[in-house]
Every structure is written in C-alpha cells, then in structure tokens.
Amino acid sequence: MITRRIGAAATTLVLAAGLAACGSDDGDGGGGGGDDSSIKIGIKFDQPGLGLKEGNTYTGFDVDVANYVAKELGKTDIQFVQAPSKQREDLIATGQVDLIFATYSITDERKEKVSFAGPYFIAGQDLLVATDAKITGPKDLDGKKLCSVTGSTSADNVKEEVPGVNLQEFDTYSKCAEAVSKGQLDALTTDDTILAGYAAQEQYKGKLKVVGAPFSEERYGVGLKKGDTALCEDVNAALTKMVEDGSWDKAVEDNFGPAGFKVDSKTNPPKLDACS
C-alpha cells in the first residue's frame, strides 16, 4: 500500500457540506448552483489501465478517479466523452465536457487555455519496444522510428531529448503500439502508466516491454474551464478525500497491479496545486 502523503495545500482544503450541482438544464456545468445531477467527463477510450471503453463499459484509473470525484460533486448521471490528446483544450472551451481525466499533464502552455485541479497522479515518460530490442533509453533512439500521439507532451519531450529521432505522430497510442508490435516502428513513447497497460494486454504479452528508464515527470491534472476556481477547489477537496479514505490506493492497486507497474511512492500520491 502506498504511503499517503498529502501536502499542506491539499490537507487544508475543506469539503463543502453541501456541494451544489449545476443549474443548467443541458448538463454542461460541473459545479455551479441548481439541481442538475449530470456531468460530462472527458477520458481516453483506448488506454488500458487508465481509460478504456469496451462496449458500454469504462475502466481504468482515470475512470475510477473521475467517478469518485463526480460522486463527491453530487453528480449521479456521468456521461463519458472521448478526449483525444489534441482535442482536450477545445472540448473544455466549447463546453462539450465539464472535466477531463485523460492522462492530462499539467503544463504552463496548457494553463494559458484551461485550468487544472490536482495533480492526482505523477507518472514518468518511458519507451515501449519489442521484447528483443536493444533500446535502453532515449540515447538509443537516434535515427530510430519513434511513435507518439499528436498534441501530447511526450512528442515535445522527445524532440528536445533526441533531435535525430524519426518521430511519427499518430492520433492514438493504440495505433502506435500495434505498429511497434509489427516491427513497423522501433518504439512508442508516452507515460509509463500507459505503456504498462499496453504491455499487459493479451495480444502483446511476450512481444512488447517497457524499457523502465523514465526521463520526465508527468503530473496528471483534472482539466476544467479556465478561471473556474470554485469548481477547481471542489475537485481538489474530492481528491483529498479520495486519498484519505483509501479509495485512491485501491484504484492504484486495481488498475496498475495487474500490469505489474510499480508506482513511485516518493511522488505519489502527489501534493495538490493551489487553484487559480
């Protein structure tokens, strides 16, 4: 079980006694006044262990955290919306979602367009390669064919780390993983949590492996409308409670345990940022 270490900013948050639901009839709002019990949440649909849609079922760590937070916000009607990396800011800006839980790394550039609650998890960028590959880290990527997803921080990080890499950007990580498994590409790079989920999938067992040499820090935040400080604070209060009552630990074990992924207890659970 991961030791719970919530920082001062998180522990001082007070969960309001009666979190009001949104008042609009169309369910677009996430934390205003009124009696609307619906909420639209953006997640990934193709990330095993994090956000995966199979039929009408949604599973993964992001899904579990989203469901917990929504319940604490008084929402009983949760509508999950697919949130590809390059569309996340637009989905928030246009009101197609109220919140986003989609391995959404907090960056200064993104904070110019949206606000973030959290972080609720800290991951590290790594590489997924064929089991017999000689790649042990970014230093071995020069001249290699590397896949990432358009609009992700992973692609930007690799461009800086290895200028000589042949970077190919797809629209989903699942397409990248398939191409690596077929030998069409040398590696896939993104967060180690995501890569572990793919490596654990039945069709990739024995074919793909995570290198295990993370070279960045990815702070997963909850995306929301820029400047909505009240909603941000309500979400942070829910995240604080999730850690304190053990639900966060359970979500980690349920979703990352089967993949054999070892969560870094030095950084997780993380301290929450102040809302702004």
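The values are calculated or read from the model by the stated rules, or taken from the named source; none is laboratory data. This one's a predicted model, so the numbers in the text were calculated from it and none came from an experiment. Don't worry about glycine lacking a Cβ; one is built from the backbone with ideal geometry, like all the others, and counts go over all protein chains shown. Side chains included, ligands, DNA and RNA excluded: accessible areas come from the protein's heavy atoms. Shrake-Rupley method; radii C 1.70, N 1.55, O 1.52, S 1.80 Å.
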Inset, instruction - Treat every Asp and Glu Cβ in the chain as -1 and every Lys and Arg Cβ as +1, leave all other atoms uncharged, and give the resulting dipole magnitude about the Cα centre to the nearest 20 debye. - result: 700 debye
Inset, instruction - Please give every one of the aspartates and glutamates within straight-line cross-link reach of Lys159, meaning a C-alpha to C-alpha distance under 15 Å, and leave out same-chain neighbours fewer than 8 residues apart. - result: Asp126, Asp140, Asp142, Glu169
Legend entry - Surrounding net charge for Asp140, when Lys and Arg each add one and Asp and Glu each subtract one, Cβ distance under 15 Å: 0
Inset, instruction - Quick one: which residues, 5 or more positions from Lys226 or on another chain, have an amide H under 5 Å from its amide H? H modelled 1.01 Å from N in the peptide plane, none for Pro or chain starts. - result: Ser115
Legend entry - Nonlocal amide H pairs with Thr190, under 5 Å, H built at 1.01 Å: Asp126, Leu128
Legend entry - Residue among Val235, Gly151, Ala83 farthest towards the positive dipole end of the chain, charges placed on Cβ: Gly151
Legend entry - Alpha carbon centroid spacing (whole Å) that separates region 110-181 from region 56-80: 27 Å
Legend entry - Alpha-carbon spread of region 111-247, three principal axes, descending order, Å: 48, 33, 23
Inset, instruction - Leaving ligands, DNA and RNA out of it, work out the accessible area of Phe121 with a 1.4 Å probe and give it in Å² to the nearest 10. - result: 0 Å²
Legend entry - Cut-off 10 Å between beta-carbons: net charge of the residues surrounding Ala251, Lys and Arg +1, Asp and Glu -1: -4
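Of the DSSP beta bridges with both residues in the chain, give the percent that are antiparallel, rounding to the nearest 5. Mind dumping the intermediate values first?
Values: 22 of 37 bridges.
Counting only bridges with both partners in the chain, antiparallel ones make up about 60 percent.
Add -39500 (n - 2.57) for each DSSP H run of 4 or more in the chain, then divide by its residues: what number comes out at 222 nm, to the nearest 500 deg cm²/dmol?
Details: 8 runs with 75 residues, N = 276.
Per the formula, -8000 deg cm²/dmol.
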Legend entry - Cα long-axis angle, helix 61-72 against the chain (0 to 90 degrees, to the nearest 10): 0 degrees
Legend entry - Gyration tensor verdict on region 165-238 (Cα atoms; rounded if a/c is under 1.5, prolate if a/b is larger than b/c, oblate otherwise): prolate
Inset, instruction - List the equivalent ellipsoid semi-axes of the chain in whole Å, largest first, each obtained as the square root of 5λ for an eigenvalue λ of the Cα gyration tensor. - result: 32, 19, 17
Legend entry - Computed lengthening from Thr131 to Asp171, 0.36 nm per intervening residue step minus Cα-Cα distance: 12.0 nm
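Just the number please: accessible area per residue for the chain, 1.4 Å probe, all protein chains included, in Å². Intermediate values should be presented prior to the final figure.
Numbers: 12090 Å² over 276 residues.
I get 44 Å² per residue for this part.
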